[in-house]
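**Q** Input: one structure, supplied below.
The values are calculated or read from the model by the stated rules, or taken from the named source; none is laboratory data. Small disclaimer: the values here were computed from a predicted structure and weren't measured. Backbone-built Cβ (ideal geometry, glycine too); neighbour counts: all protein chains shown.
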Amino acid sequence: MKSISILGAGPAGLSTGYHLDREYSIWEKNQQVGGGCRTEKVNGFSFDYGGHIFYPRTKPVKTLIRKLLKNDLYCMPREAWIYLKDIYTRYPFQANLYGHSVDMVKECLLGLMQAKLKYGEKPGRFSDFKDFIDKVFGEGMAKHFMIPFNKKQWGIPLNEMTVDWMGDFVPIPSLEEVLDGSLTMAPECMGINASFIYPKKGGIQTIFNSLVPFLQNVNTSSPVRSISLNNKSFQVQGHSTQHYETLVSSLPLPELVRISDPVPSEVKAVAEKLKWTSLYVVNIGIDRPDISEKHRVYYPEEDFVFHKLGYYQNQSPDMVPKGQSAVSAEISFSEYRKIDKTHIIERTVKDLQKAKVLSSDDRIVLTHVLTLPYAYALYDHHRGRAVARIKEFFESHDVYLCGRYAQWEYQNMEQNILAGKAMAERLNAGIGPKK
Ligand SMILES: Cc1cc2nc3c(=O)[nH]c(=O)nc-3n(C[C@H](O)[C@H](O)[C@H](O)COP(=O)(O)OP(=O)(O)OC[C@H]3O[C@@H](n4cnc5c(N)ncnc54)[C@H](O)[C@@H]3O)c2cc1C
């Protein structure tokens, strides 16, 4: 029987184990499972690693979630908003112009129509993400939201990004929907996550904790320090040498390359050029209930250091102590967008006051910062070839890549679970993952 080791106990690693029909072990550096879908508990407040909501669309994932959590879930329509020029409008911007000044609405509609006249309904190929925005949304929407917001979130000039990540993550409303959204306030959000589910208790991590009873040999607090590709073994801090026949890695790709040996210099060189965005999540606890009725608010303007605010207590009241509230500010940083961490809390609080989320007499009862070194793998023009070469190299050593940071993709939780399922099914069939 082949021995299978899985590195990382985030959604992808856990799902791989769950779907395997043979013996395996899982190795995770953190004390808890869940990876990027963990939830930190601090003084009665709970904070996800950046706002997480679950919006499963496929039958296997829906069935799994129901099996794991039964009725311990809330299901609700998503309240996602944009704060721009001192007013709130619904997200996404392109379908919800209602409420903005007549001049701005006119500029956006005119730009959209000019783009449609020039490039047609389906402009075809795009040289980069900026080209996509210009051709699909036109000058006005590009100027007021699409370019400033995306530059802030991704932390990279948009002409350096491809459109390979998009799938249906960026809603493209019809002309009729844009006109409707300019004339009246839409009653609800649009897009793939217009409604979502969320655990009643324990934050998003509850979903992944609930997988553990169905798994075997889960080793937490077990950082993998090095992998010997020739010996097919790896070293884990606090454990003896582990041997494998097949290794499934959900580790971030740059980390896998760094700890593996031998890796040809040409593979190391392509890996060194991979780019990503990191994130600070600045969490603030406030001694006042109900500071907002929204779930998420997007901030395209550079006046605010954050690009997104989340109010997790509106996903579940279990996330904050009774009578109090929290707001979580997401702040991207990268080699292009440098952010000084030293004063990040003060700057966030100041900008929250500027945005009228906090008032000067609000009593702050907690400040807390989470740092996510890998938040978004960047789809620059180098990514496609680099990932293909790194994957090919590792697969030739029976090391298979699975998950958002291992495949260096813009995956969500559902896609991680499906990636783990697909990986396990191929290993169950004894044929090794698809090349
Ligand atoms: C800000 C933000 C918001 C998001 N919001 C949503 C959302 O609303 N909905 C949604 O569906 N998805 C969302 N996502 C995506 C979701 O978080 C990821 O898809 C998911 O966490 C990726 O799972 P994974 O298993 O592929 O990787 P990870 O969760 O990163 O798991 C990899 C694991 O490997 C471990 N590891 C790393 N190095 C080692 C080592 N040397 N030894 C042992 N273990 C190691 C890590 O600790 C980690 O547990 C969001 C992501 C971000 C960044």
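**Q** Which of the residues that make up segment 341-355 are aliphatic (A, V, I, L, M) and in contact with an Asp or Glu (Cβ under 8 Å, 6 or more places away or on another chain)?
**A** Within segment 341-355, the first condition is being aliphatic (A, V, I, L, M), and the residues that meet it are 344-345, 349, 352, 355.
Listed by number, the list is empty, since nothing qualifies.
A quick yes/no check of all residues on (1) in the same structural domain as Leu253 (by TED's automatic domain parsing); (2) within 24 Å of Cys37 (Cβ to Cβ); (3) over 24 Å from the mean Cα position of the chain (by Cα); (4) assigned to a strand (DSSP E or B):
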position	(1), (2), (3), (4)
Glu330	no, yes, no, yes
Glu335	no, no, no, no
Glu346	no, no, yes, no
Ser359	no, no, yes, no
Leu366	no, yes, yes, yes
Leu372	no, yes, no, yes
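**Q** Additional query: Being in a strand (DSSP E or B) and surrounded by fewer than 24 Cβ atoms within 10 Å (Cβ to Cβ) is the filter here, so list the residues in segment 7-18 that pass it.
**A** Residues satisfying the conditions do not exist here.
**Q** Of Arg38, Arg78, which residue is within 22 Å of the chain's Cα centre (by Cα), within 11 Å of the ligand (Cβ to nearest atom) and farther than 30 Å from Leu256 by Cα?
**A** Going through Arg38, Arg78 in turn, just one is within 22 Å of the chain's Cα centre (by Cα), within 11 Å of the ligand (Cβ to nearest atom) and farther than 30 Å from Leu256 by Cα: Arg78.
**Q** Just one of Asp72, Asp21, Asp86, Asp48 is in contact with a strand residue (DSSP E or B) (Cβ under 7 Å, 6 or more places away or on another chain) and surrounded by fewer than 18 Cβ atoms within 10 Å (Cβ to Cβ); which is it?
**A** Asp72
**Q** Of the conditions (1) within 12 Å of the ligand (Cβ to nearest atom); (2) in contact with a Lys or Arg (Cβ under 6 Å, 6 or more places away or on another chain), Ile26 clears all except one; give me its number.
**A** (2)
**Q** Examine segment 349-370 for a residue that is within 30 Å of Arg66 (Cβ to Cβ) and of a type in the set (Gly, Ala, Ser), and state whether such a residue exists.
**A** For segment 349-370, residues within 30 Å of Arg66 (Cβ to Cβ) and of a type in the set (Gly, Ala, Ser): absent.
**Q** Among the residues of segment 393-435, what is the count of those that are within 15 Å of the ligand (Cβ to nearest atom) and either over 26 Å from the mean Cα position of the chain (by Cα) or on the phi > 0 side of the Ramachandran plot (or both)?
**A** 2
**Q** Taking the residues in segment 241-274 that are assigned to a loop (DSSP other than H, G, I, E, B) and surrounded by fewer than 19 Cβ atoms within 10 Å (Cβ to Cβ) as candidates, determine which candidate is nearest to the ligand (Cβ to nearest atom).
**A** Among those that are assigned to a loop (DSSP other than H, G, I, E, B) and surrounded by fewer than 19 Cβ atoms within 10 Å (Cβ to Cβ), it is Thr241.
**Q** Now for a separate question. Does Ile65 meet the test of being modelled with pLDDT of 95 or more, within 12 Å of the ligand (Cβ to nearest atom), over 21 Å from the mean Cα position of the chain (by Cα) and more than 21 Å from Val357 (Cβ to Cβ)?
**A** no
**Q** I would also like to ask the following. For segment 180-207, what are the residues that are at pLDDT 75 or above and among the β-branched types (Val, Ile, Thr)?
**A** Thr184, Ile197, Ile204, Thr206, Ile207
**Q** Then there's this: Looking at Val224, Val212, Val218, which one is surrounded by 15 or more Cβ atoms within 10 Å (Cβ to Cβ), within 11 Å of the ligand (Cβ to nearest atom) and at pLDDT 90 or above?
**A** Working: Val212 fails: within 11 Å of the ligand (Cβ to nearest atom); Val218 fails: within 11 Å of the ligand (Cβ to nearest atom).
Being surrounded by 15 or more Cβ atoms within 10 Å (Cβ to Cβ), within 11 Å of the ligand (Cβ to nearest atom) and at pLDDT 90 or above holds for just one of Val224, Val212, Val218, which is Val224.
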